[in-house]
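Have a look at the structure below, then the notes.
All of the numbers you see were taken from the coordinates with simple rules; none came from a lab. Keep in mind that this is a model prediction, so the values were computed, not measured. Cβ placement follows ideal geometry from the backbone for every residue including glycine, while neighbour counts extend to all protein chains displayed.
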Number of protein chains: 2
Amino acid sequence: MRIGELARRTGVSTRALRYYEEQDLLTAERSSTGQRHYPESAVARILLVRELFTAGLSSRTIAELTPCVVDGKATPELLNRLAVERGHIDQHIADLTHTRDRLDAVIAGASASMDTGTPCRPDPVPTDPAQVGGATST
Amino acid sequence: MRIGELARRTGVSTRALRYYEEQDLLTAERSSTGQRHYPESAVARILLVRELFTAGLSSRTIAELTPCVVDGKATPELLNRLAVERGHIDQHIADLTHTRDRLDAVIAGASASMDTGTPCRPDPVPTDPAQVGGATST
DNA sequence: CTTGCCTTTGACGTCGACGTCAGGTTTTAG
DNA sequence: CTAAAACCTGACGTCGACGTCAAAGGCAAG
């Protein structure tokens, strides 16, 4: 398929696809006139790349690791880098979990103070109890 | 305390601290000669801001939510935004967990294939003759 | 052949969270 | 008092992952 269809099927812009190629995250066959042609597998490849981007990896890191992830084989060196990145992700998860719990506490605290009628302001704001109750299920 | 000490105690650069102030993430008293002076509580404030940055929030979002988090009180509206951000973080955790598990699988697979010396292809993919890995010989 | 969308390369623009440099003032140490 | 260190306000630079525009060619339909 050509670049436009790949873009539509992955939800990634053509600009991004060319950028990925430039960064060696993706390869393309070329027709005699220079147009890019991709195999079906490119779709999965893009989705993997997107996933790794979302996980916070840089294009350089992804370029180094994707062949490994795709082929399922790696040198001990690559395996090590893979483990390192896994560690970063794990750390990030821990940080996020911490922050989420903290926000939970704040939300719970604020809800409680509103429930008990604890004054939040010298000039009390009109509180709609319906919205307070429905804040958790949107 | 002045900005230098606050920077040292938080591990954040003075440039960042001034930037935070510019973004309304932080306020400072000024001496008659214009120098910033911070209370002890500023340290915790900065650490909170850093935490929220790490969680992927923008300075604008942080500016809107920190007063709420710090004071432990909020309008229903703010509480709602807080819940929304919590949701984003939760989603991010889910994505990261997914990716981490995927990397784990790759690592496990690669380790196994190295141990047994066998290619780990459970289901042979239609590999076209193009050199995907770029390994011409060996 | 012409129309009109698709694709090509190249290059500048963007945005967020700062880094860094410049040039001047304030505080502190001796 | 002097010199060094810390601080001040601009203001331009950076980096990564693209967006966007321009000029030129390619591809199927009528």
Would you mind pulling out the separation of the Cα centroids of region B:63-103 and region A:67-98, in Å? 25 Å
Lys and Arg at +1, Asp and Glu at -1: add these up for the other residues within a Cβ distance under 14 Å of residue A:2 and post the number. +1
When Cβ neighbours within 10 Å are restricted to other protein chains, what is their mean count per residue of peptide A:67-80? 5
Per-residue HN-Hα couplings for region A:15-29 [Karplus 6.51, -1.76, 1.60; θ = phi - 60°; Hz; x = Gly/Pro]: 4, 5, 4, 5, 4, 4, 5, 4, 8, 6, 9, 7, 10, 9, 6
Give the Rg (one decimal place) followed by the Dmax (whole number) of region B:74-118, computed from C-alpha coordinates and expressed in Å. 19.2, 62
